[in-house]
Every structure is written in structure tokens, then in C-alpha cells.
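What follows is calculated from the coordinates using simple rules that are stated; it is not laboratory data. If you're wondering where the values come from, they're calculated on a predicted model, not measured in any experiment. Positions of Cβ are backbone-derived with ideal geometry, glycine not excepted, and every protein chain shown enters the neighbour counts.
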Amino acid sequence: MKARPFLVFGLFLLMMGTQLAPAQDAVEQPPVPMPQDRVADSFLIYTQLMPELDAVDRRLPHDLWFVQDATINAVDAGQPCFTLPDKEHQKGAVYGLNPHTGVKVPEEYKEAFKEIFADFDSHCHEHWRLDAGHWKLRSPVQLLTPAEQLDFQASRGVGPNAGQKIDPRYKKSYAMFAFSPVYFNHDHTVALVYTTLWCGEFCGQGKWAAFTRTAKDWIPLQINATLWVS
């Protein structure tokens, strides 16, 4: 299948409406355990995404992998899961972080993605707790609580704790990773996930990534989807 390049929005995407900033009157759901029937496949996919992002520069420190301890959402608690393209954009490229508008589905996977989008619509506001023991990586994963995430940001000179004494462990990895729930088709043969890394005030990226299952593993599926880089 011919690869379809990602569409890059750059820093401007970070300023688009409320898709990246929670609505003031919205209340996020607290994290709950990940449904058991999703655990094995989800962590196989999360594991695949870590080395891919590490390849940015293997000289960067990664004695530890820092990951947010619960899944994130591509749409905030005040936004609907299902949305249709607006008239201004519906004939153009993919846009925004909602996968209904931010992911262009490969023709041969349309039926699978109908089921994936339905799965997204059922779970897009949920936060699931992650388990560091499910990753199989050369360097150990350390899950960061919300308070520790602020400390990691402070280690990069950002956030309310900036300027305070820095825990030396935060020098052991260059970035903090985060993942949405993995959204599947009914047979768990095709999957879609939103993933980010953050390494400083103007250092980070986020994207939708798709995978298809083979007899042995999950492999990347090339899609045209929203990608932001700062």
C-alpha cells in the first residue's frame, strides 16, 4: 500500500479552539482500570510507539521512560466525541484532533475504521489507569502521577513548580510520553491511538497512529492524519 504522509500543523494547532484546552465547565472523569479485554493488545501497541519516538535522536537520555499514569483524550470533556466536518474544511485536508476530522481512512480499511470510530465515540472521555509492568522495553517505564508530571515540567523550567529544586531522576529521560486509549475494530485486527511526547515549553509532538495485526504482532498502518510538532 502506498504511504500517505502525515499533515503537519506545527505550533498553530496548539492554539485551535478548545480541543487541546479543557472547557472551563467540563469535569473530566477520574481514571478507572483499563478493560481487561484490551490490556494485552493495547500495551503491545504502546510498546511499539516508544522506540519509534526514541528514534528522533538515540543520543538523548532514556535510562527511564516517563509516561503519564493514565490515558489522555484527544478531545476534552466539554467536546462531543462524534463530529462531522464543517463546510469550511470538509473538502480539504484532515484537521483537528478529533479522529472523525483528523484521520483520513485508507479505502481498504473503511469498514474496520467505522467500528474504530464507534469505539472512540463510546470511550473518548474515559481515562484508564496504566500499568508499568506491561511494557517490554530495554529501559524501565516509570509512570508519573499528576503531581510528578508537574515536577517533570518544572525540570524543564515550565509550570507552577519551575524554579524549585529539581529531582535528579528527571534528567534520566528527555521526554514524558502520554497515550490515549487504543480504539479497536470488533475483531481487534485494526487499531487507532493518539500519542504525545513533551520535552519542554517548545518541544513536543502529538499524532494519531494506526496499526494492523499480523499473525505475530501489530505493525504500523500508514494513514493521513493530524500531526502537531512544537
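Among residues other than Pro35 whose Cβ falls under 15 Å from its Cβ, what is the net charge (Lys/Arg +1, Asp/Glu -1)?
That sum, taken over residues with Cβ under 15 Å, equals -3.
Counting other beta carbons within 10 Å of each Cβ, put Lys207, Lys104, Lys171 in order, fewest first.
Least crowded to most crowded, the residues run Lys171, Lys104, Lys207.
Which one, Tyr170, His123, Val94, is farthest towards the positive end of the dipole of the range 47-187 when Lys and Arg carry +1 and Asp and Glu -1 on their Cβ?
So the residue furthest toward the plus end is Tyr170.
For Ser173, Ser230, what's the fewest-to-most ordering of other Cβ within 10 Å of each Cβ?
Ordered by Cβ neighbours within 10 Å, fewest first: Ser230, Ser173.
Scan the range 107-136 for trypsin sites (Lys or Arg not before Pro) in coil per DSSP, keeping those whose Cβ has at most 15 other Cβ atoms within 10 Å, and list them by number.
Lys136
If R₀ is 22 angstrom, what is the calculated FRET efficiency for the pair Gln36 and Ala118, using the beta carbon separation as r and rounding to 0.05?
Plugging the Cβ-Cβ distance into 1/(1 + (r/R0)^6) gives 0.60.
Using each residue's phi in the range 122-132, evaluate 6.51 cos²θ - 1.76 cosθ + 1.60 at θ = phi - 60° and report the 3J(HN,Hα) Karplus result to the nearest Hz, with x for Gly and Pro.
So the Karplus estimates, Gly and Pro as x, are 7, 9, 5, 9, 8, 10, 10, 5, 9, 10, 4 Hz.
One quarter of the convex hull surface, Cα atoms only: what value does that give for the range 104-230 in nm²?
Average projection, Cα convex hull of the range 104-230: 9.4 nm².
List the GluC sites (Glu not before Pro) within the range 101-149 that DSSP assigns to loop and that have no more than 15 neighbouring Cβ atoms inside 10 Å.
none
Mind listing the long-range amide H neighbours of Gly204? Cut-off is under 5 Å, sequence gap 5 or more, other chains count too, H placed in the peptide plane at 1.01 Å from N.
Close amide H contacts, sequence-distant or interchain: Cys199, Ser230.
Which of Ile219, Ile166 has the fewest other C-beta atoms within 10 Å, and how do the rest follow up to the most?
With the sparsest Cβ surroundings first, the list reads Ile219, Ile166.
Let me check I've understood the local charge: for His134, count other residues with C-beta under 15 angstrom from its C-beta, Lys and Arg +1, Asp and Glu -1. What total comes out?
Every neighbour counted, the sum reads -1.
Kindly write out, for the range 217-229 in residue order, the coupling ³J(HN,Hα) from the Karplus curve 6.51 cos²θ - 1.76 cosθ + 1.60 (θ = phi - 60°), rounded to whole Hz, with x marking Gly and Pro.
7, 8, 10, x, 10, 6, 9, 9, 8, 4, 9, 10, 9
Work out, step by step, the length gained on full extension between Phe82 and Gln142: first 0.36 nm times the residue separation, then minus their alpha carbon distance; give nm to one decimal.
Values: separation 60, 0.36 × 60 = 21.60 nm, distance 3.32 nm.
Length gained between Phe82 and Gln142: 18.3 nm.
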